[in-house]
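Please read the structure below before turning to the comments.
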Amino acid sequence: MLWKNNVCLVTGGASGLGAATVIKFIELGAKVIACDLPSSITTNSKQIQQQLINNNNNNKNINIDQQLLFAPVDVTSVDDVSNALNKVKEEFGKLNIVVNCAGIGVAYKTYNFNKQQAHSLQDFTRVLHVNTIGTFNVIRLACELLGANQPDANNNHERGCIINTSSVAAYDGQCGQVAYAASKGAINSMTLPLARDLSTQGIRVNTIAPGLFNTPLLSSLPDKVKAFLSKSVPFPQRLGEPSEYAQLVCNIIENPMINGEVIRIDGALRMQP
Ligand SMILES: NC(=O)c1ccc[n+]([C@@H]2O[C@H](COP(=O)([O-])OP(=O)(O)OC[C@H]3O[C@@H](n4cnc5c(N)ncnc54)[C@H](O)[C@@H]3O)[C@@H](O)[C@H]2O)c1
């Protein structure tokens, strides 16, 4: 695997699991377009660049200016995703890898019996719109560039690799996770038909289902809550590190037989109701 030849697009790339993936890709020598909402890019892009500098003080092999682009993208927007893909083509000439990390969650029960209030349909729709339809929107539009690659003669004639992010909530969704679990279950279910659809062009599709990871989402919780959550993980008894998610992304990319699969990364966690 010649990472320096790879061009990678990462959605949700300015925060959490996506940002860790961006950093890993850059350190391996790949070129990366990190797509995220403008607000997230504004808040986090400097920090990501600083982390790359800190991690690689003496590493002359990385060149942040030449390897990393940030693109303002709402994954649900056809125009935003198309513009980002045009930018990839313009700046880097091709695209090899797509990692879908952009995602949101809400926590509401189906019916709040105290307030006699049903789950808002708007919230349910919004979560499915970003997580499921956003993921599909990026994949369907990225196919043109992935399919235009020369098959890699050194790598089973592969043209590209797509990795999505669902969640263990797709299997053990908790109370209040009905919208989130539905959106992630749909990503799991899309994985095999996507892999089958794109197999003729040598494009693989896999999904990672993370357990509890130490991203901005969770790191803002009080230490007591984090300790409680960590204890629910059988082994290792802690939250996952975003770099461990990024490591699995790379493992999947490097192993050509992993295709059409959903892989849990959760320390054997099974969420309780
Ligand atoms: N952290 C965990 O424990 C965990 C567990 C299971 C699954 N996940 C999933 O992993 C993915 C990454 O989560 P994270 O913990 O890194 O969260 P995060 O909030 O740190 O990062 C998510 C990123 O997605 C971006 N985003 C949201 N809506 C978007 C949109 N419409 N278009 C483009 N970008 C958008 C956000 O701006 C943010 O930068 C999500 O899909 C999440 O559901 C996370």
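Side notes on the structure shown:
- Looking only at region 88-106, and only at residues there that are within 15 Å of the ligand (Cβ to nearest atom) and out of contact with any Phe, Trp or Tyr (no Cβ under 6 Å at 6 or more places or on another chain), the one that is nearest to residue 123 (Cα to Cα): 106
- On inspection, residue 48 passes the criterion of being within 16 Å of the ligand (Cβ to nearest atom) and either crowded, with 19+ Cβ neighbours inside 10 Å or in a loop (DSSP other than H, G, I, E, B) (or both).
- In the set 252, 263, 258, only one residue is assigned to a helix (DSSP H, G or I), of a type outside the set (Phe, Trp, Tyr), under 24 Å from residue 142 (Cβ atoms) and open to solvent by less than 60 Å² (accessible area, probe 1.4 Å); that residue is 252.
- Within region 155-186, tally of residues that are assigned to a strand (DSSP E or B), under 22 Å from residue 248 (Cβ atoms) and within 12 Å of the ligand (Cβ to nearest atom): 3
- Residues in region 87-115 that are in a loop (DSSP other than H, G, I, E, B) and either in contact with a strand residue (DSSP E or B) (Cβ under 8 Å, 6 or more places away or on another chain) or within 22 Å of residue 162 (Cα to Cα) (or both): 93, 94, 95, 96, 101, 102, 103, 104, 105, 107, 110.
- Residues satisfying the stated conditions in region 210-229, i.e. touching a strand residue (DSSP E or B) at 6+ places or on another chain (Cβ under 7 Å), surrounded by fewer than 22 Cβ atoms within 10 Å (Cβ to Cβ) and not in a loop (DSSP other than H, G, I, E, B): 213
- Considering residues of region 23-33 that are under 18 Å from residue 65 (Cβ atoms) and out of contact with any Leu (no Cβ under 7 Å at 6 or more places or on another chain) only, the residue nearest to the ligand (Cβ to nearest atom): 25
- Qualifying residue in region 56-69 (condition: within 16 Å of the ligand (Cβ to nearest atom) and surrounded by fewer than 24 Cβ atoms within 10 Å (Cβ to Cβ)): yes
The values are calculated or read from the model by the stated rules, or taken from the named source; none is laboratory data. Source: prediction; values computed, not measured. In this analysis, Cβ positions are derived from the backbone assuming ideal geometry, glycine residues included, and neighbour counts consider all displayed protein chains. What goes into the accessible areas is simple: the full protein's heavy atoms, side chains included, and nothing from ligands, DNA or RNA. Shrake-Rupley method; radii C 1.70, N 1.55, O 1.52, S 1.80 Å.
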